[in-house]
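> Dumping the structure here so I can ask a few things about it.
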């Protein structure tokens, strides 16, 4: 599973790393139980500081998407089939409110916001079916 | 004797030249002459003409080296090695001069100004690629057979035994008959085979960096092909070296009167090594073909311009990069990061090791 980062982007590298892992889990290309490369390995591959990768992994751990044990390293902890963690919905709704407000403030019609959301969700589901098929 | 030198030096340098040219052909399209070039400029006239000049420079280097090799009549092992070293130095000089053309155009044209770039890496551990077991197994079998012949011949061998032969195949060094003087070469051969087997396992396991100058799948394919090419190459080399060492050894023991037998085995070994390398590179190039096809309808971000970290296009110096070992930018395999203390220490150890091996070879050849 390949992760791309853009070193010239406004968004910090650890955030890009975290976002890509979240997306890979949603798309089914990273499955629960799958082992991730160690912080050192990944930093060595990107050619960036280990602390940056560590920060990205730390975000994923706090969100409960990744768990780290001394024996098996970092492992994907959750997937689309799991129940969301109790506090998740409240925080996420807050962030979504900001995102929706952005769209509304810029004059995007409600229907087109809904269409975009539907088509993105459909893309995730389609990728999950694809990666499920190629894995079996 | 003269005939042997006439054949050996030009053939050896020619094979080395072909090898060098084939390895250059492996470069990803974004790295002509080890200069990072964005896709939009990969086919610029200056790039094409620099590559053309580089090729002609290599031909010239070979002509000069071959002529010099013919002029050298000294028969020591150091003198036969000299043309190859000279050729390597000459090629590097040609590379440095020709890549300057591209570097200048890139600087003046600001090729990377405002271009989208990206780096990609493997976040899951890639599937472990097992190095092929058949070649090391064959190597062990060949060495075992040669050892068995040596054991059988041991009682009938003369004391002292001849241990060194000049380029014409005449014995010019002898040692008291002992386990070391009779089996030493085979022991060294076994050590080399073991070392190559270990290296092929390391090459198979090491997670090489994947840099995106294409789409992710192509970058992954490039890493995979490089890895399998190197593991197969190392294990095939272990077999060829075992075969060559056994052939030289048996030629000395079984055909002591036939002067050309040892020399022929030595040339055969050199040629076989080159053939195996060239075959591996050609095969890798074929497998890499899909990784070098670009889809003009779907332009991808370019790789990051990392030229400042590649001194002369060959040596990697980057203190911000935690990786000690990075894939070579030019040619095959990996190189050490000289921007980190660990990389410098490893490089010094490696140079000492090479210097030690060369010294031992020269000393054993001359002080017998």
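> Got a sec? Which of A:60, A:65 is touching a strand residue (DSSP E or B) at 6+ places or on another chain (Cβ under 6 Å), over 23 Å from residue B:327 (Cα atoms) and within 14 Å of chain B (Cβ to nearest Cβ)? Spell out how you get there, then give the answer.
Details: A:65 fails: touching a strand residue (DSSP E or B) at 6+ places or on another chain (Cβ under 6 Å).
None of the others qualify; the one that does is A:60.
> Which one of B:304, B:326 is part of a loop (DSSP other than H, G, I, E, B), modelled with pLDDT of 80 or more, in contact with a strand residue (DSSP E or B) (Cβ under 6 Å, 6 or more places away or on another chain) and under 30 Å from residue A:39 (Cα atoms)?
Values: B:326 fails: part of a loop (DSSP other than H, G, I, E, B).
The conditions single out B:304.
Here is a yes/no grid of residues against (1) at pLDDT 80 or above; (2) under 26 Å from the mean Cα position of the chain (by Cα); (3) farther than 24 Å from residue B:266 by Cβ:
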site	(1), (2), (3)
B:70	no, yes, no
B:79	no, yes, no
B:88	yes, yes, no
B:96	yes, yes, yes
B:99	yes, yes, yes
B:103	yes, no, yes
B:106	yes, no, yes
B:159	no, no, yes
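> Residue under question is residue A:38, and the condition is that it be under 25 Å from residue A:123 (Cα atoms), outside the structural domain of residue A:129 (by TED's automatic domain parsing) and crowded, with 16+ Cβ neighbours inside 10 Å; does it hold?
Details: under 25 Å from residue A:123 (Cα atoms): no; outside the structural domain of residue A:129 (by TED's automatic domain parsing): yes; crowded, with 16+ Cβ neighbours inside 10 Å: yes.
Considered against the rule, which asks whether it is under 25 Å from residue A:123 (Cα atoms), outside the structural domain of residue A:129 (by TED's automatic domain parsing) and crowded, with 16+ Cβ neighbours inside 10 Å, residue A:38 comes out as no.
Here is a yes/no grid of residues against (1) modelled with pLDDT under 80; (2) surrounded by 18 or more Cβ atoms within 10 Å (Cβ to Cβ):
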residue: B:212; (1), (2): yes, yes
residue: B:249; (1), (2): no, yes
residue: B:253; (1), (2): yes, yes
residue: B:263; (1), (2): yes, yes
residue: B:266; (1), (2): yes, yes
residue: B:271; (1), (2): no, no
residue: B:289; (1), (2): no, no
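> Hey, any hits in segment A:86-95 for a residue that's at negative phi and within 13 Å of another protein chain (Cβ to nearest Cβ)?
Pass one, segment A:86-95, residues at negative phi: A:86-95.
From what is left, the residues that are within 13 Å of another protein chain (Cβ to nearest Cβ) are none.
Taking every residue of segment A:86-95 in turn, none turns out to be at negative phi and within 13 Å of another protein chain (Cβ to nearest Cβ).
> Quick one: residue A:52 ticks every box in (1) over 17 Å from the mean Cα position of the chain (by Cα); (2) within 11 Å of another protein chain (Cβ to nearest Cβ); (3) within 18 Å of residue B:304 (Cβ to Cβ); (4) surrounded by fewer than 22 Cβ atoms within 10 Å (Cβ to Cβ) except a single one, so which number is it?
(1)
> Residue B:343 - would you say it is modelled with pLDDT of 80 or more and at positive phi? Spell out the reasoning first.
Details: modelled with pLDDT of 80 or more: yes; at positive phi: no.
No: the conditions fail for residue B:343.
> Name every residue in segment B:308-329 that is in contact (Cβ under 8 Å) with a residue 40 or more places away in the chain and closer than 20 Å to residue A:44 by Cβ, in order of residue number. Quick ask: steps written out before the conclusion?
So in segment B:308-329, the residues in contact (Cβ under 8 Å) with a residue 40 or more places away in the chain come out as B:310, B:312-314, B:323, B:325-327, B:329.
Selection gives B:310, B:323, B:325, B:326, B:327, B:329.
> Answer with yes or no whether residue A:45 is facing chain B (nearest Cβ under 10 Å), at negative phi and part of a helix (DSSP H, G or I). It would help to see each step written out before you state the result.
On the way: facing chain B (nearest Cβ under 10 Å): yes; at negative phi: yes; part of a helix (DSSP H, G or I): yes.
Against the criterion (facing chain B (nearest Cβ under 10 Å), at negative phi and part of a helix (DSSP H, G or I)), residue A:45 qualifies.
> Take residue A:8 and tell me if it is at the interface with another protein chain (Cβ under 7 Å from one of its Cβ atoms) and more than 16 Å from residue B:122 (Cβ to Cβ).
On the way: at the interface with another protein chain (Cβ under 7 Å from one of its Cβ atoms): yes; more than 16 Å from residue B:122 (Cβ to Cβ): yes.
Criteria met by residue A:8.
> Residue A:72 - would you say it is under 24 Å from residue A:131 (Cβ atoms), loosely packed, with under 13 Cβ neighbours inside 10 Å and in contact with a strand residue (DSSP E or B) (Cβ under 9 Å, 6 or more places away or on another chain)?
Numbers: under 24 Å from residue A:131 (Cβ atoms): yes; loosely packed, with under 13 Cβ neighbours inside 10 Å: yes; in contact with a strand residue (DSSP E or B) (Cβ under 9 Å, 6 or more places away or on another chain): yes.
Yes.
The values are calculated or read from the model by the stated rules, or taken from the named source; none is laboratory data. Nothing here was measured: the structure is a model prediction, and the numbers come from that model. All Cβ positions, glycine included, derive from the backbone under ideal geometry; neighbour counts span all protein chains shown.
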